[in-house]
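So the structure is just underneath, and the comments pick up after that.
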Amino acid sequence: MGATGPTGPVLDRDEVDRALARLGAEHEAIETSLLALQDHAGRRLLEGAELTGVTKERWASAEASITLLWAYFDAYTATLRQAREVRARRRWSSREDLAELTELLRGTSVTVAGGAAVAGNVNAQALTGTGKLSEQFTLARLVERMNELYASSLDMVVTADAVWSALPARIDLLAAELQRTRQLAHSVGVRPGKHPAGDDLERITRTLTSLRQEVVSDPLAYWVPAQGSSAPGGGRPDTATYDREARALEDVRREIDAVLTVRQDAEARLVKLRDLLSRADRTLAEARSARGEVLAKIAASEVPAVSGPPTALQEQLATAAEYRRHAQWHRLSPLLESLEQRAEDELLRARESLTAVTAPLAVRAELRGRLDAYKAKVARHGLAEDPLLIERYDAARRMLWSAPCDLRAAEGAVLRYQQAAAEQFGQRVPHQGTPADRRGEA
């Protein structure tokens, strides 16, 4: 191995040459990385920005780290230059030269003054790990220390640049879309204090303005680190606030589209509503007329009452027409939706009322039809002159064609006529149910 010294065995010439070659390549790689960091767009933006919050704190530390990195690199360069000069003294280095080279390459031969940290406005102890104003390193330990500082500084620069690259441009695009939506909203009367969508637009505007200011001044506050990642810039921008406001703006746009749709087809929808309410009114009028007829023609029958015309809906329809005349589309939209559903319900209710009122008349008509059908059947069997059948037919017919008609008695008379006819036919007529049942069927 050769002689030993304070740093261990003295290197021979081949070991020295290999070490100098490795350190030269290492020096070139470090210089390239530092120059890339110096020219990084994120670092230039950080230098010119008015920072706040966590970004301001971390950039102060990173800036001092970068200053210290260059001081470390200068010390590394000086030591490497000194070692190369010693090696260049002689083609065949003497024992004293090899001992000196061993000390330079392996010993704590690199001295870094603490002034670099002080110039960076950072506590020297926080960066160097000691309270001294100078540090002693081996070249290997100095490279480790530079790698640590470089990784932390690059992480901060890359993270800030990633947030600035992702969020402000997206916020600006959303703000432009927001402005177009605001103009469209104002054109259809959707304004703050008059429509919920107008209030939402104001809130989104304030949120986006505040978000952009915060992202520009404190980008690190909007960064989500990747779990378990140690690579510089591992993570993603925090877009939760942006995404929430983008969804809110989309909801507002759908609301405004609905208002625009109302503006385009408001007249057609109003005409349809007038028709629905008119049909409901006519149906109710028919039901009221039919109820009077039922009460006059049907005895002992429970006839439901018929409500009056839908005056409340007519008043709201007039209000809707007024909204249309004054282009108050944001008020017309929800009113039309409500009126359309209620008008359909009103027409259905009117039809059900007419059906319920005319049920006794339907029962009477069914009994009349059944009586005439059996009379025709009796005639086909040659029994038209049978005295019993004639008597029972006349009794049932008088009941059914008299006013008021007792449906229960008429039902019984028709059934007795059927039974008498069946006895003549030699067959039995099944039980037909009570008049109440017939009304239910009708």
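The values are calculated or read from the model by the stated rules, or taken from the named source; none is laboratory data. Just so we're clear, the structure is a prediction, and the values are computed from it rather than from any experiment. Note: ideal-geometry Cβ built from the backbone for every residue, glycine included; neighbour counts use all protein chains shown. The area values use the complete protein model at the heavy-atom level, side chains included, leaving out ligands, DNA and RNA. Shrake-Rupley method; radii C 1.70, N 1.55, O 1.52, S 1.80 Å.
In the range 403-422, is there at least one residue being of a type in the set (S, T, N, Q) and at pLDDT below 80? Give the steps one after another, and end with the answer.
Residues of the range 403-422 that are of a type in the set (S, T, N, Q), as a first pass: 418-419.
Applying the additional criterion that residues be at pLDDT below 80 yields none.
No: zero hits.
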Original post:
Quick one: ASP14 ticks every box in (1) acidic (Asp, Glu); (2) exposed (fewer than 11 other Cβ atoms within 10 Å of the Cβ); (3) touching a residue at least 24 places away in the same chain (Cβ under 8 Å) bar one, so which box is it?
Top reply: (3)
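So for the range 51-62 (the condition being in a helix (DSSP H, G or I) and closer than 20 Å to LEU142 by Cα), does at least one residue qualify?
Just the residues of the range 51-62 that are in a helix (DSSP H, G or I), to begin with: 53-62.
Subsequent filtering for residues that are closer than 20 Å to LEU142 by Cα retains 61-62.
Yes, there is a match, as at least one residue in the range 51-62 is in a helix (DSSP H, G or I) and closer than 20 Å to LEU142 by Cα.
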**OP:** From MET156, MET146, grab the single residue that is within 25 Å of GLY48 (Cβ to Cβ) and open to solvent by less than 70 Å² (accessible area, probe 1.4 Å).
**Re:** MET156
**OP:** Give the residues of the range 17-33 that are in contact with a helix residue (DSSP H, G or I) (Cβ under 9 Å, 6 or more places away or on another chain) and either open to solvent by less than 40 Å² (accessible area, probe 1.4 Å) or farther than 28 Å from ARG91 by Cβ (or both), sorted by residue number.
**Re:** ALA19, LEU20, LEU23, GLY24, HIS27, ILE30, GLU31, SER33
Original post:
Any chance the range 78-94 includes a residue that's assigned to a helix (DSSP H, G or I), within 52 Å of the chain's Cα centre (by Cα) and either modelled with pLDDT under 85 or within 24 Å of ARG22 (Cα to Cα) (or both)?
Top reply: no
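Which ones in the range 37-47 are in contact (Cβ under 8 Å) with a residue 60 or more places away in the chain and either hydrophobic (A, V, I, L, M, F, W, C) or over 18 Å from SER152 (Cβ atoms) (or both)? I'd like the intermediate steps shown before the answer.
So in the range 37-47, the residues in contact (Cβ under 8 Å) with a residue 60 or more places away in the chain come out as 37, 40-43, 45-46.
Passing the criteria: LEU37, ALA41, LEU45, LEU46.
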**OP:** Look through the range 61-78, keep the residues that are in contact (Cβ under 8 Å) with a residue 60 or more places away in the chain and among the aromatic types (Phe, Trp, Tyr), and return whichever of them is nearest to THR32 (Cα to Cα).
**Re:** PHE73
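Could you tell me which residue of the range 393-421 is farthest from the chain's Cα centre (by Cα), considering only residues that are of a type in the set (Ser, Thr, Tyr) and open to solvent by 10 Å² or more (accessible area, probe 1.4 Å)?
Just the residues of the range 393-421 that are of a type in the set (Ser, Thr, Tyr), to begin with: 393, 402, 417.
The next check asks that each one be open to solvent by 10 Å² or more (accessible area, probe 1.4 Å); those that pass are 393, 402.
Values: TYR393: 75, SER402: 70 Å.
Of everything passing the filter in the range 393-421, TYR393 is farthest from the chain's Cα centre (by Cα).
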**OP:** Return the pairs, sorted by first residue and then second, in which the second residue is of a type in the set (S, T, N, Q) and part of a helix (DSSP H, G or I), the first residue lies in the range 19-36 and is touching a residue at least 40 places away in the same chain (Cβ under 8 Å) and under 11 Å from LEU80 (Cα atoms), the beta carbons are less than 8 Å apart, and the residues are 6+ apart or on different chains.
**Re:** HIS27/THR77
Subject >> Single match in LEU332, LEU277, LEU295 (criterion: part of a helix (DSSP H, G or I), closer than 30 Å to LEU407 by Cβ and aliphatic (A, V, I, L, M)) >> reply: LEU295
**OP:** Report, by residue number, each residue of the range 324-363 that is under 13 Å from LEU273 (Cβ atoms) and surrounded by 15 or more Cβ atoms within 10 Å (Cβ to Cβ).
**Re:** ARG324, LEU332, LEU335, LEU336, LEU339, ARG342, ALA343, GLU346, LEU347
**OP:** Could you identify the single residue in ASP218, ASP243, ASP200 that is in contact with a helix residue (DSSP H, G or I) (Cβ under 6 Å, 6 or more places away or on another chain), more than 21 Å from ALA41 (Cβ to Cβ) and among the charged types (D, E, K, R)?
**Re:** ASP200
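Suppose the filter is in contact (Cβ under 8 Å) with a residue 40 or more places away in the chain, more than 28 Å from LEU335 (Cα to Cα), open to solvent by 20 Å² or more (accessible area, probe 1.4 Å) and not in a strand (DSSP E or B); does ASP251 pass it? So that I can check it myself, show each step before the final result.
Values: in contact (Cβ under 8 Å) with a residue 40 or more places away in the chain: yes; more than 28 Å from LEU335 (Cα to Cα): no; open to solvent by 20 Å² or more (accessible area, probe 1.4 Å): yes; not in a strand (DSSP E or B): yes.
Criteria not met by ASP251.
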Original post:
In this structure, is THR209 at pLDDT below 90, of a type in the set (Val, Ile, Thr) and open to solvent by 60 Å² or more (accessible area, probe 1.4 Å)?
Top reply: no
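I'm trying to understand the selection: among the residues of the range 34-50, which are within 20 Å of VAL143 (Cα to Cα) and surrounded by 15 or more Cβ atoms within 10 Å (Cβ to Cβ)? I'd like the intermediate steps shown before the answer.
Of the residues in the range 34-50, the ones within 20 Å of VAL143 (Cα to Cα) are 34-38.
Listed by number, the residues that qualify are LEU34, LEU37.
Just to check your reading of the model, which residue among SER289, SER338 is part of a helix (DSSP H, G or I) and under 26 Å from the mean Cα position of the chain (by Cα)? Let's see the steps before the verdict.
Values: SER289 fails: under 26 Å from the mean Cα position of the chain (by Cα).
Matching residue, one of SER289, SER338: SER338.
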Original post:
In the range 308-352, how many are in contact with a Leu (Cβ under 8 Å, 6 or more places away or on another chain), modelled with pLDDT of 85 or more and within 26 Å of ALA185 (Cα to Cα)?
Top reply: 8
Subject >> Subset tally (residues that are open to solvent by 40 Å² or more (accessible area, probe 1.4 Å) and either modelled with pLDDT under 80 or not small (Gly, Ala, Ser) (or both)) for the range 364-381 >> reply: 8
**OP:** Please tell me if ASP281 is within 30 Å of PRO360 (Cα to Cα), modelled with pLDDT of 85 or more and buried (at least 19 other Cβ atoms within 10 Å of the Cβ).
**Re:** yes
Original post:
Consider LEU276 against the criteria (1) more than 22 Å from ASP345 (Cα to Cα); (2) under 38 Å from the mean Cα position of the chain (by Cα): it satisfies all of them except one. Which criterion is unmet?
Top reply: (1)
Subject >> Among the candidates ARG145, ARG170, residue that is of a type outside the set (Gly, Ala, Ser), more than 20 Å from the chain's Cα centre (by Cα) and at pLDDT 90 or above >> reply: ARG145
